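**Student:** Structure provided below as structure tokens; questions to follow.
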Amino acid sequence: MILYFLKVAWRNLLKYKAQSVISILGLAIGFMAFSFTMSWISFEYSYDSFTPDADRIYQVVKVDPKLTGGIQNITPEPLALYLESTFPEVEAATSIDISTSVDEYKDFFYYNNQKDSIANCIQIITDTSFFNVFYAENKPLINHPIPSDVFYATESMMQRLKAVGEDPNPFFSGSIPDRSYHSNVPFDVIQISPRRPRKDKDCDWCYSHTITFLKVREGADVNALAKKMSQIEVENSQQGIMSFKLIPLRKAHYQIPNEQTVIQFNHLKIFAAVSLMVIFCGLFNYLMLFVNRIKMRGKELALRKVNGSSDKQLLMMLMTEFLLVLFISLFIGGLLTECLYPSFLKLSMIEAPRSYFMLEALLYGCSIAIISIVTAFFPIRLLMKRSIRENIQPETKVFGGIQNRFTVVSLLIQLIFGVLLLFCSLVFYLQLRNLNRSDIGFDRFNINTIQSWYGGIPIDEIQKIKGVEEVIPFNRIFLPRGGRASSKISEAGDKKFTEAVEVEIVNVNGPDFTQFFSIPILSGRNLRQGIVEECLINETAKRVLGFDDPIGKKLQDWVIVGVIPDLYIDSPLLPVLPCVYRSLQSKKPDNGGVSGFYAYKYSPDNRIETEQAILAVFAKSGVTKGVTILNMDDVYTDYTKSERYLLVLLGLMTLVALLIVTFGVYSMITFSCNQRRKEIAIRKVNGACISEIFRLFIKQYVFVTVLACIIAFPMGVYVMQRWLEQYVCRIHLEWWIFVSVFGLILLIVLAGILSKLYKAASENPAETVKSV
């Protein structure tokens, strides 16, 4: 019986190849995208799930509105000891030092007098309080107090050393049980320092180079603690009022911004929702096609009933056909998942076994199958209740002037998804184009920056290189930004501020700075070389300081001589800060004109050649490591890296959804033409032309399209307005965007209609009447 049902199902799939293939591919691609995305999200949620008392551990971050996300995960070193001794809610606090994470030594363990190394070895520096936070009961046995720094390694690290023939005892004081890398604090080697306040700096609170974690006591009021930490003022810290925020340990990995992340976590959730929409779009498309097939097979079903088939058998036969398509879709989706698995790992940077993703995909596949079966069961069961007479002579029921209500509703749902995805994709593309526009206040094209920490070269050596057009000293001012310096202004000119205004201070290379980056002087004049008492301000500083004409006004020790445009040098999520640009005394770098920090322009198509030549010059001078050459446009483009990846994925899903909609319209018009072939023929006999027959059908589909846009546009506006709010520079949702989306959707619908309707309206009416 089952084999017979499968044969019938397979014959019907072959009978409607195009529609079946589109439905299967839509479901398969949607399932693949959804399973990958949800697996990624699930992986992010599972960080530190093995850590004891993880629900009581928090990472402390410093609130800084000038940074992406408004927080900074690097904190002052004394913070951990201060929190533990000041707030009774804190059971333990620890800090992890990151100041020694030099690229050449990061993730490597050196032995044999620095001649050999073990790769992929994560090392951290902390103190004995680390174990009070991250180890509940089974704390490693460490003799207290420790007189000086000691080193411990995980048991697996000990084995790795033994595997290369090294005795670990000279290196380490003992071993620590292995800790999973799926953590916010992974390590293989841990350097433990004595727990004591350090007085080796003039201002311990002025330097941030540690990551701080704390564990709250059981039953403690975390909200009350967070409120206290939002305003902290430490005596003699020279920091004034500091604001800190608590991030739960399990959420720290995706809530704290990470420059290495390819796709941001909130973009992942957006793509998961889009993938789910495509799945439902494909599901409703096939369900509509399937129900129409059942109606077209009314005589066949009636004949089966006459020959003794029960409703249960017919239901099993139809459900077999539905499940066959569903399982083929899931199987193809699984194959796509397997084929794209390496690319997904590279994109997500997830270190997890293949079995993890396969189990996740199986779980989501089963969930989708159950939802699909439940969704399909009710319309099929309803159709099975029709009598033999209703199957042989089906009546076309009209509800509010609409025929085939289920088919129309299914098409309406597909169109809503299609319009919504198309509208969001178009707005997304326009916003991304706006963010990557060429006008950001300065010229960033064909410009590289050089950073060398282990030695410099004379500026003349770079100017001699073929392809280099111009060079200036450039000490990591922006793109990439190497740091910040700011000052609080209490008075400017004849104005005094009740609350000091914070402005950013940028040291530039005199007049060469604006000339090199083609920065226009909006008012006033440029800086003069070596005159340190002069400064430029940007438009934001002019507005914040309240000047109509700032030229000649005194600003602390400087006189404002000019105003330049706002320079967009940070993430598009951050506002432009008020900036003061002051001149350096010397045009050439300090240290006899030798420096490791420059910016240079290169002639088009000479980027690679100039980079190789500059590295060769550094190598000739004995600097063979620590030289970084970055392209300004690449750095700026990286700010929107996550958005670009999301746009590609969103565009792919939109294309699939529109393809599903096109074939949905085609399937619906095919069914309508088959139902009304006799009516079309009689109208042609009575003198109706092809255009009149077109109008007879088009009216209903245009109504459905307009209704879908009326529903989808407000939803799209609500979603995209909330998304656009996070950007400083954002586009406006102008009227032509809506017209373009509506026009494209209407074109797709009309193309699907005309392709089939023209053939039906061109048939010989006499032949049609005889065959019906």
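**Student:** Each residue of region 627-635 in turn: what ³J(HN,Hα) in whole Hz from Karplus with 6.51, -1.76, 1.60 and θ = phi - 60°, glycine and Pro shown as x?
**Tutor:** 9, 10, 10, 10, 8, 4, 5, 5, 5
**Student:** What nm distance separates the two modelled labels at residue 409 and residue 97, each placed 7 Å from Cα along Cα→Cβ?
**Tutor:** 6.8 nm
**Student:** Of 336, 282, 425, whose Cα points farthest to the positive end of the dipole of the chain (charges on the beta-carbon: +1 Lys, Arg; -1 Asp, Glu; origin at the Cα centre)?
**Tutor:** 282
**Student:** Could you give the size of the charge dipole of the chain about its Cα centre, using +1 on the Cβ of each K and R and -1 on the Cβ of each D and E, expressed in debye and rounded to the nearest 20? Present the calculation step by step, with values, prior to reporting the outcome.
**Tutor:** Details: 79 positive and 72 negative charges, 1012 e Å.
Dipole of the chain, to the nearest 20 debye: 4860 debye.
**Student:** While we're on this one: In whole Å, what is the distance between the alpha-carbon centres of region 536-562 and region 261-334?
**Tutor:** For region 536-562 versus region 261-334, the Cα centre distance is 67 Å.
**Student:** Sticking with this structure for a sec: Listed highest first by mean packing, meaning other Cβ atoms within 10 Å per residue, what order do 79-88, 19-28 come in? Don't skip to the answer; put the middle values down first.
**Tutor:** On the way: 79-88: 18.2, 19-28: 22.7.
So the peptides 79-88, 19-28, ranked by packing, come out 19-28, 79-88.
**Student:** Continuing with this model, one more query. Of 301, 256, 5, whose Cα points farthest to the positive end of the dipole of the chain (charges on the beta-carbon: +1 Lys, Arg; -1 Asp, Glu; origin at the Cα centre)?
**Tutor:** Final value for the positive-end residue is 301.
**Student:** Dipole magnitude of region 447-638 about its Cα centre, charges +1 at Lys/Arg Cβ and -1 at Asp/Glu Cβ only, in debye to the nearest 20? Please list the in-between numbers first.
**Tutor:** Working: 21 positive and 25 negative charges, 82 e Å.
Charge dipole of region 447-638: 400 debye, to the nearest 20.
**Student:** How much net charge surrounds residue 545 when only other residues with a Cβ under 15 Å from its Cβ are counted (Lys, Arg +1; Asp, Glu -1)?
**Tutor:** On the way: positive: 488, 495, 496, 542, 543, 553, 554; negative: 491, 494, 499, 502, 504, 539, 548, 549, 566.
Local charge sum for residue 545: -2.
**Student:** Moving to a separate point now. Name the long-range amide H neighbours of residue 564: under 5 Å, sequence gap of 5 or more, or other chain; modelled H, no Pro or chain starts.
**Tutor:** 522, 537, 538, 539
**Student:** Further question: Non-local amide H neighbours of residue 570 (under 5 Å, H modeled in plane, Pro and chain starts lacking H): which ones?
**Tutor:** none
**Student:** Sticking with this structure for a sec: Label points 7 Å out from Cα along the Cβ direction at residue 549 and residue 703: separation in nm?
**Tutor:** It works out to 6.8 nm between the two label points.
**Student:** State the answer as a single residue: which of 630, 550, 413 lies farthest towards the positive end of the charge dipole of the chain, with beta carbon charges of +1 for Lys and Arg and -1 for Asp and Glu, about the Cα centre.
**Tutor:** 413
**Student:** In what sequence do 50, 423, 663 fall when counting other Cβ within 10 Å, fewest first? Walk me through the numbers before you get to the answer.
**Tutor:** Values: 50 11, 423 26, 663 22.
If I rank by nearby Cβ atoms, fewest first, I get 50, 663, 423.
**Student:** Taking the Cα centre as origin and putting +1 on Lys and Arg beta-carbons and -1 on Asp and Glu beta-carbons, what dipole magnitude results for region 276-353, to the nearest 20 debye?
**Tutor:** Charge dipole, region 276-353, about its Cα centre: 520 debye, nearest 20.
**Student:** Check the cysteines of the chain one by one and keep only those with no other cysteine Cβ under 4.7 Å from their own.
**Tutor:** Cysteines lacking a close Cβ partner in the chain: 121, 281, 339, 366, 424, 535, 579, 673, 689, 709, 729.
**Student:** Further, regarding this structure: Using the Kyte-Doolittle scale, which helices in the chain average at least 1.6 and also have C-alpha atoms spread 15 Å or more along the helix axis, with helices defined as whole DSSP H runs? Walk me through the intermediate numbers first.
**Tutor:** Working: long enough: 2-15 (20 Å, 0.75); 17-45 (41 Å, 1.09); 265-296 (47 Å, 1.32); 311-339 (42 Å, 1.49); 354-384 (44 Å, 1.47); 405-435 (44 Å, 1.74); 607-620 (20 Å, 0.40); 641-675 (51 Å, 1.23); 690-724 (47 Å, 1.30); 735-761 (37 Å, 1.89).
Counting only whole DSSP H runs, the qualifying helices are 405-435, 735-761.
**Student:** Tally Lys and Arg at +1 and Asp and Glu at -1 over the other residues with C-beta under 15 Å from the C-beta of residue 724: what net charge comes out?
**Tutor:** Details: positive: 433, 722, 730; negative: 643, 725, 734.
Local charge sum for residue 724: 0.
**Student:** Amide H of residue 92: which non-local residues (sequence gap of 5 or more, or other chain) have their own amide H closer than 5 Å, using H built in the peptide plane?
**Tutor:** Under 5 Å from the amide H of residue 92: 215.
**Student:** Here's another thing I want to ask about it. Using the 10 angstrom Cβ neighbour count as an exposure proxy, how do 699, 678, 215 rank, fewest first? Don't skip to the answer; put the middle values down first.
**Tutor:** On the way: 699 10, 678 13, 215 24.
Starting with the residue having the fewest Cβ neighbours, the order is 699, 678, 215.
No value in this document is a laboratory result; all are computed from the given coordinates. This one's a predicted model, so the numbers in the text were calculated from it and none came from an experiment. Heads up, the Cβs are rebuilt from the backbone with ideal geometry, glycines too, and the neighbour counts pull from every protein chain shown.
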